[in-house]
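Taking it in order: structure first as structure tokens, then the write-up.
What follows draws every value from the coordinates through simple rules; no lab data is involved. None of the values given here were measured: they were computed from a predicted structure. Heads up, the Cβs are rebuilt from the backbone with ideal geometry, glycines too, and the neighbour counts pull from every protein chain shown.
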Amino acid sequence: MPMLKASSSMHAIANRILSLRRRKFLHSKPLFEQFRPISAIDIDQIERQVGATIPQDLAAWLLAVGYGDLDESLSFRFEWFKWFKWVEHSELEDLVIFAQDELGNFYAFVPERGTIVFLSRSAPTYTVLASSFVSFMSELERRDFKLIEWAESLPALPYARDA
């Protein structure tokens, strides 16, 4: 995998996030808790599995932080990466899920464009969150990592599921 152009801004975000801690009742804990590191070989494996290229900024994030949980609310795991094919709406025909939040909602990117989309678990609706993963992470950081609050503040659009 070649050196990623998006990596400098993504690495800056990743480094800030990796240095942050959240106060708990009697202690503090890291904002990002790593499950395991990943390598370029892992990125290649994901791309083969889903049949799409991972956006450069998402790949740079994963290489910098690995699989893990962000603020105990957004989980990045190998098993979340899957091709999302069960919708009929033209904008959502091809999505790749890359994360899941604590309520079971999914986060996906649109191959070719890299747009980041929120997929509600409770209804067949979606919300476009950002034009890229680095924009998604920048906005999430700006909003103090209140992911669900952010996603629910935007208009949700319906999609029709395949039968």
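Listed values, structure above:
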read-out	value
Residue range of the chain that is longest and free of chymotrypsin sites (Phe, Trp or Tyr not before Pro) which are both DSSP loop and sparsely packed (at most 15 other C-beta within 10 Å)	87-163
Signed unit charges on C-beta, dipole axis of the chain, positive-most listed residue P124, G114, A160	G114
Of S73, S153, S131, the one that fluctuates the most in a GNM where the chain has Cα springs shorter than 10 Å	S153
Selected from Q100, Q49, Q34 as most flexible by GNM, with the chain as the system and alpha-carbon contacts under 10 Å	Q49
Distance between the stretch 100-139 and the stretch 28-42 - C-alpha centres, whole angstrom	20 Å
Cβ-placed point charges (K, R +1; D, E -1), dipole of the chain about Cα centre in debye, nearest 20	580 debye
Relative exposure of T115, T125, judged by other C-beta atoms within 10 Å (fewest first)	T125, T115
Net charge of neighbours whose Cβ lies under 12 Å from the Cβ of I46, counting Lys and Arg as +1 and Asp and Glu as -1	-1
